[in-house]
Amino acid sequence: MSRRSLNNYQQTRSPWLKKIEHFLHPRMTLISGNSRAVVDQLLNEGAPANRLRLIYNGVYQDRFANLPAKSATREALGIGQDSIVLVMVANIIPYKGHQLLLEALAAVRGQLPSGWHLLLIGRDDGTGTNLHTFARDSGVGEHVVWMGSRDDVPRLLVAADIGIHCSHEEGFSNAILEGMAAGLPMIVTDAGGNPEAVEHGHSGLVIPTNDARALGEAIVGLVGSPTERERLAFNAKQRVARDFGVDCCINGYEAMYSEALASKD
């Protein structure tokens, strides 16, 4: 068995789902989770500790090599070379925190330099209209670029200055790893495995979940400190290369399946 998210879905789907999973846990040969937060939940649900395996997600770092220059991508997007660009990659689903981000930006817009941009990359799964309205009415609409689904995310990340991932729940986010691989200082919430990817104050900033004030303060702090952005970005890129390459992920699954097969001999 493999679980790649927090267990919140057990509360919102069929009431039998939780009972079925708890029944199956001790009958699994091995169970993997993609973050310590997920593994801890499995343990609390009664999964045998000696059958649990932690295998983090991995990213293909070569996707971030030989990309167009930041200046070229900004020019193509009509964004000034000196503008501050924030980016968030997440489908527009309530738990991903788009509303929280817009509220945070609305609260601190007077502390941001003129001409800043927020790139929102991801498919609209139904709440986009309300977000558009809120952005317009709160005074940040002219700064938000709604990009929808894209197949050129790496070059868009490289064109930004700060990455944001403010979800309310998360197993272990590939979007965070990709932002780090692109050399972005990431601001993330402490949901699920997020703080396992980003070391607060070293490879990014970790803020409390559902805290618009903390998010706004973190954004203002990084916007005002290019040196700090550069330091965090460098450490983030090094961390992904060391701990979250796709080879590490593949090796983990190969080892788990080899162990499972060997146990059946």
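The values are calculated or read from the model by the stated rules, or taken from the named source; none is laboratory data. Keep in mind that what you see is a predicted model, and the values were worked out from it rather than measured. Glycine gets a Cβ as well: all are built from the backbone with ideal geometry, and neighbour counts include every protein chain shown. Remember, those area values only see protein heavy atoms, side chains included, never the ligands or the DNA or RNA. Shrake-Rupley method; radii C 1.70, N 1.55, O 1.52, S 1.80 Å.
Quick notes on this one:
- Identity of the residue in the range 2-53, farther than 23 Å from LYS96 by Cα and touching a residue at least 40 places away in the same chain (Cβ under 8 Å), that ends up least open to solvent (accessible area, probe 1.4 Å): SER32
- Some residue of the range 156-172 being open to solvent by 40 Å² or more (accessible area, probe 1.4 Å), of a type in the set (D, E, K, R) and without any contact (Cβ under 8 Å) to a residue 12 or more places away in the chain: no
- Screening ALA65 with (1) at pLDDT 95 or above; (2) open to solvent by 30 Å² or more (accessible area, probe 1.4 Å); (3) of a type in the set (Gly, Ala, Ser) gives one miss only, at (1).
- Scanning the range 228-265 for residues that are open to solvent by 60 Å² or more (accessible area, probe 1.4 Å) and under 12 Å from GLY183 (Cβ atoms) gives GLU230, ARG231, PHE234, LYS237, GLN238.
- Single match in ALA107, ALA135, ALA90 (criterion: out of contact with any strand residue (DSSP E or B) (no Cβ under 8 Å at 6 or more places or on another chain), of a type outside the set (S, T, N, Q) and either modelled with pLDDT under 95 or surrounded by 16 or more Cβ atoms within 10 Å (Cβ to Cβ) (or both)): ALA107
- Subset of the range 10-38 [under 27 Å from the mean Cα position of the chain (by Cα) and assigned to a helix (DSSP H, G or I)]: GLN10, GLN11, THR12, LEU17, LYS18, GLU21, ARG36, ALA37, VAL38
- Applying the set (1) out of contact with any Lys or Arg (no Cβ under 8 Å at 6 or more places or on another chain); (2) open to solvent by less than 50 Å² (accessible area, probe 1.4 Å); (3) part of a helix (DSSP H, G or I); (4) touching a residue at least 24 places away in the same chain (Cβ under 8 Å) to MET180 leaves exactly one unmet item: (1).
- Top-ranked residue in the range 192-208 [being in a loop (DSSP other than H, G, I, E, B) and buried (at least 20 other Cβ atoms within 10 Å of the Cβ); ranked as farthest from the chain's Cα centre (by Cα)]: SER203
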